Amino acid sequence: MVSSEFLIKVSPSTNGSKHLLVGAEEVSPGGVIPKHRHHGEEEILFIQAGSAHVWLGDKEYDAKAGAVVFIPSQTWISLKNTGAENMSLLFVFNEPSFEQMLLCASVPKGQTGSLLSREGVAECYEHGDAELEVVKPGLDRKQ
């Protein structure tokens, strides 16, 4: 389950960037960024505060404030906030298409949105040239 807020700082819609997407995200304690991969984009995550368990491809590791995570395109990634405080992330993409997923699957701060189904979230990821691993309810996962 994702429990986070994000803010886009550089993108086609915020300032006309043609090749970058930069944003900040806050993930609540216990919050998870679900397992997904980007088809054409590479990503860099900067963990600014807090701590996380990171699943990157076939590797797992713990990361804390100051860590940098490089995610090559086509690599499955997931993170879980393992600390007692919010985890602050800064994310950078080499292409801005993932902005479409963020716009599709989120609600501006202070507004209320409707809950998306798993399939609806997966469809949003497709708009952003990404793929979400859809896990059926009741399956046991480490996350």
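We did not get these values from a lab; they are worked out from the coordinates using the rules stated. The structure presented is a predicted model; accordingly, all values stated were derived computationally and were not measured. Cβ: placed from backbone, ideal geometry, glycine included. Neighbour counts: every protein chain shown.
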Report task. Using the 2.2 N^0.38 Å rule of thumb for compact globular proteins, work out how the range 4-98 stacks up: its C-alpha Rg over that value, please. Result -> 1.04
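Within 14 Å, Cβ to Cβ, of Leu90, how many net charges do the neighbouring residues add up to if Lys/Arg are +1 and Asp/Glu are -1?
Details: positive: Lys9; negative: Glu5, Glu25, Glu26, Glu43.
Once all neighbours under 14 Å are counted, the net charge is -3.
Arrange Arg118, Arg37 by Cβ neighbour counts within 10 Å, fewest through most, would you? Each step should come with its number before you reach the end.
Details: Arg118 13, Arg37 20.
If I rank by nearby Cβ atoms, fewest first, I get Arg118, Arg37.
Fewest to most neighbouring Cβ within 10 Å: what's the order for Ser117, Ser11, Ser97?
On the way: Ser117 9, Ser11 20, Ser97 17.
Going from least to most buried by this count: Ser117, Ser97, Ser11.
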Report summary line: Least to most buried among Phe6, Phe70, Phe91, by other C-beta atoms within 10 Å and fewest first, runs Phe70, Phe6, Phe91
